[in-house]
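The values are calculated or read from the model by the stated rules, or taken from the named source; none is laboratory data. All values reported here derive from a predicted model rather than from experimental measurement. With ideal geometry, Cβ positions are generated from the backbone for all residues, glycine too; neighbour counts draw on all protein chains shown.
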Amino acid sequence: MNWFITDDGDCQSLEFQAWTPYRPYRLYRFLTELEDILEEIKSDRQRLEAIAPRVCEFLETATWLDSAYVPPDAQRGWSVSKLYTEQDYPLTVQLVSWKPGATSTIHNHATWGLVAMLSGCERNHFWRRTEGDAIEKVGDRIVCEGEMITFSPGAIHSIEVLGDEPTISFNLYGETDFPKRFKFDAIAQTAEHF
Ligand SMILES: [Fe+2]
């Protein structure tokens, strides 16, 4: 299954049309089409509906991702390998690995986001703002290899790695609106920029 998380933490099914490229769907072609989609479509959900089938095709073509994978850092619990970057490039395109048992901060991304699980399972916890910086938990969803979870810019989540093996995911994010990006403390009911 594929999911879309709203600003209120509602977990909705993300439906999209299957799409077949007419030649191997290489990263540069995916990134070019991604730019076109972002220019043409302004609704984040509709953007993700257009991007998701292209991510599926890219992941099928990109057998080289196996060698781009960096195991999670033992101390920090995670590692990132950027798949594409250049100076001032606004999008985030990367593989992320998390070690077994790790949990993330509670955060939003302040931009649309897509996470495709390549290996393992992560439980996503969803939160919503109540008053000021206070948040409350509204639900969770386990996302496993072969599934995608996508986020509205205000969606607040945290992840918990399930199982005994590191998880690997392909992550794609739009241009971060930094003043709107926060990590939250659910006990102190505070938020801070990061
Ligand atoms: Fe996240």
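Values computed for the structure shown
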read-out: Top-ranked residue in the stretch 1-20 [being in contact with a helix residue (DSSP H, G or I) (Cβ under 7 Å, 6 or more places away or on another chain) and touching a residue at least 40 places away in the same chain (Cβ under 8 Å); ranked as surrounded by the fewest Cβ atoms within 10 Å (Cβ to Cβ)]; value: LEU14
read-out: Any hit, the stretch 119-133, residues being of a type in the set (Asp, Glu) and either closer than 25 Å to ASP66 by Cβ or within 13 Å of the ligand (Cβ to nearest atom) (or both); value: yes
read-out: Single unsatisfied condition, LEU95 versus (1) farther than 16 Å from GLY163 by Cα; (2) surrounded by fewer than 16 Cβ atoms within 10 Å (Cβ to Cβ); (3) within 17 Å of the chain's Cα centre (by Cα); (4) more than 13 Å from the ligand (Cβ to nearest atom); value: (2)
read-out: Members of the stretch 61-73 that are under 22 Å from ARG23 (Cα atoms), of a type in the set (A, V, I, L, M, F, W, C) and not in a loop (DSSP other than H, G, I, E, B); value: LEU65
read-out: Residue count, the stretch 149-160 (criterion: in a strand (DSSP E or B) and either farther than 26 Å from SER97 by Cβ or touching a Cys at 6+ places or on another chain (Cβ under 8 Å) (or both)); value: 0
read-out: Extreme residue, farthest from GLY132 (Cα to Cα), among residues of the stretch 161-183 that are out of contact with any Leu (no Cβ under 9 Å at 6 or more places or on another chain) and within 12 Å of the ligand (Cβ to nearest atom); value: THR176
read-out: Residue within the stretch 74-82 that is in contact with a helix residue (DSSP H, G or I) (Cβ under 9 Å, 6 or more places away or on another chain), assigned to a strand (DSSP E or B), under 24 Å from PHE182 (Cα atoms) and in contact (Cβ under 8 Å) with a residue 60 or more places away in the chain present; value: no
read-out: Close pairs (8 angstrom Cβ cut-off, 6 or more residues apart or separate chains): modelled with pLDDT of 95 or more and in a helix (DSSP H, G or I) in the stretch 36-57, of a type in the set (Asp, Glu) and loosely packed, with under 15 Cβ neighbours inside 10 Å anywhere; value: GLU49/GLU15
read-out: Any hit, the stretch 171-180, residues being touching a Ser or Thr at 6+ places or on another chain (Cβ under 6 Å), in a strand (DSSP E or B) and either of a type in the set (Gly, Ala, Ser) or more than 28 Å from ARG54 (Cα to Cα) (or both); value: no
